[in-house]
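Notes for the one structure printed next.
FYI, it's all coordinate maths here, none of it is from the lab. On a predicted model such as this, the values are computed, not experimentally measured, just so you know. A quick note on method: Cβ atoms are made from the backbone with ideal geometry, for glycine too, and the neighbour counts reach across all protein chains shown.
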Amino acid sequence: MRISSRLFAILLIVCVVCGGFLTACSFSEPKAPGGTPSGSGNTGASGSNGKGKKAEVLAIAKKYIGTPYRYGGQDPRGFDCSGYVLYVFRQAGVTLPHSAADQFAKLSSVKTPEPGDLVFFHTFGTGVSHVGIYAGGNTFLHSPTTGKFVEYADMRIDYWQKAYRGARTVF
């Protein structure tokens, strides 16, 4: 079967655009001189009540259920997955890197997540590419993909079980 050059061009454009949407959560934060993330700051709340801060994070996260996904978004006009996490934690007084991979690499690993911890997934490419905020009961809040909205997801679903890469805590 022969594809016309016009159809081929359209398919190529669709693939490039969709590929860009799929990489949203792997967006790397710009580096400041010296190689550190430009938004580096407080990445934890040492000495504070961790459970209380986690509850605060979860309460903030719930306020944005229904917010649309927006590629590279990190405010209530729209969020990508890591931009949602970055924004929620910023509201709780904690600065995180924008990319899911950087968040995964820089935070403390926990075997079993508690509500308010971060859960990470491999959904495409290599390594960690998606993040959400653990809400308890095997659910997490996240900004999934283009055309969707911040929502709860069930980690017991086969897709998320296979994609799961671990949990991290800030507190």
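For F149 and R77 in the same chain, what is the full-extension length gain: residue separation times 0.36 nm, less their Cα-Cα distance, in nm?
That pair, F149 and R77, stretches by 24.8 nm at full extension.
How would you classify segment 107-152 from its alpha-carbon gyration tensor, with a ≥ b ≥ c the square roots of the eigenvalues: rounded for a/c under 1.5, else prolate if a/b is greater than b/c, otherwise oblate?
oblate
Which of the trypsin sites (Lys or Arg not before Pro) found in segment 86-135 are in a DSSP loop and have at most 10 neighbouring Cβ atoms, other than their own, within 10 Å?
K111
Counting pairs of alpha carbon atoms under 8 Å apart in space and at least six apart in sequence, what relative contact order in percent does segment 78-171 give?
32 percent
Divide the volume of the convex hull of the Cα atoms of segment 75-171 by its number of residues and quote the answer in cubic angstrom per residue. Before the final figure, lay out the partial values.
Working: hull volume 9.2 nm³, N = 97.
Each residue corresponds to 95 Å³ of Cα convex hull volume.
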